[in-house]
Amino acid sequence: MKQKFYAELSRRLRDEGIESSYAGTQNLNVSLHGQPVLCVTPSSEIYILPAGSKNEEVNDLYHRVGATADEVYEYVEAVQSSPLLRASDLKEEFRLLADFGCAVLAGREQENGRGYQFVTWVWDFDRRGVSHGHYFEGNYHAAKEDFAVRSGLISRAQIFSADQLAELYRATDFFLEEGPEPEDKQMKALQEARTKIEYTVPDLQERLEPSQEPEMNL
């Protein structure tokens, strides 16, 4: 489990432009400007190394790595510990991660270090085969949301997209800067909502940046 967790976390961090290494060490080290500043344990706990203490840039990195590590640990463990999905006509072996109502959520580790793939399907009427697959390459969060909707566990109207959450966050910025002074209860609710949005949308700051649309000369 540790090796698979570290291999997948390293791949995800590399895609985000974050340097990490774990060869010959008990923990996975995360580096900033070539120097190890964080370590991730086999249980996905994260610690700031002495070289990264009292550094605002390291604090930001800590939260980014933490969100990714939690998600990676969850789906790697789920795929490793779940039974095979028994369904006719499947060309690849998928692990059954969840089964409710008429829908299933399945996942598999892809070959050659290409990460993990997740799929939601609908059972056939006799529950021997599956159809109408929705495929998610490495996006476990989106796959779980899709499963929740297709299985009837939650209404699609209750789910906010990343763009919608970013705009709500932008609205709270405007309210806090330009609006009337909120009461204590309102402030607490706003802070909790903003924290949830920050955790849910990893690329929030990029989404909040104004779009660079070319100017048109008339």
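Throughout, read-outs are computed from the coordinates displayed, never taken from laboratory work. Given the structure is predicted, the values throughout are model-derived calculations rather than measurements. All Cβ positions, glycine included, derive from the backbone under ideal geometry; neighbour counts span all protein chains shown.
Quick notes on this one:
- Potential lengthening of the chain between Leu90 and Ala193 amounts to 32.9 nm, from the contour at 0.36 nm per residue minus the alpha-carbon distance.
- Between the stretch 183-211 and the stretch 142-179, the alpha-carbon center distance in angstrom: 11
- With only the Cα atoms considered, the stretch 5-56 has a convex hull volume of 83 Å³ per residue.
- Ordering 130-139, 30-39 by mean Cβ neighbour count within 10 Å, with the highest value first, yields 30-39, 130-139.
- Residue-averaged 222 nm ellipticity for the chain, from DSSP H runs of 4+ at -39500 (n - 2.57), nearest 500: -13500 deg cm²/dmol
- Extension reserve of the Glu74-His132 stretch, reckoned as 0.36 nm per residue once the Cα distance is removed: 18.3 nm
- For the chain, share of DSSP beta bridges that run antiparallel, in % to the nearest 5: 95
- The slack between Ser81 and His141, meaning 0.36 nm per residue of separation minus the straight C-alpha distance, is 19.8 nm.
- Phi-derived couplings, Karplus 6.51 cos²θ - 1.76 cosθ + 1.60 at θ = phi - 60°, listed residue by residue for the stretch 44-58: 6, 6, 10, 10, 8, 6, x, 5, x, 5, 6, 10, 4, 5, 5 Hz, with x used for Gly and Pro.
- The chain: relative contact order in percent, alpha carbon pairs under 8 Å with at least 6 residues between: 11
- Non-local lysine pairs in the stretch 62-218, meaning eight or more places apart or on different chains, with alpha-carbon distances under 30 Å, amount to 5.
- For the chain, the Kirkwood hydrodynamic radius comes to 20.1 Å, computed from all pairs of different C-alpha atoms.
- Computed Kirkwood radius, in angstrom, where 1/r is averaged over Cα pairs of the stretch 113-185: 15.6
- The stretch 1-106 - convex hull of the alpha-carbon atoms, volume per residue in Å³: 124
- For Val37, nonlocal amide neighbours, meaning residues 5 or more places apart or on other chains whose placed amide H falls under 5 Å from its own, are Val30, Ser31, Leu32.
- For Asp124, nonlocal amide neighbours, meaning residues 5 or more places apart or on other chains whose placed amide H falls under 5 Å from its own, are Gly129, Val130, Ser131.
- Rough spin-label spacing in nm, given labels placed 7 Å along Cα→Cβ, for Arg114 and Leu49: 3.3
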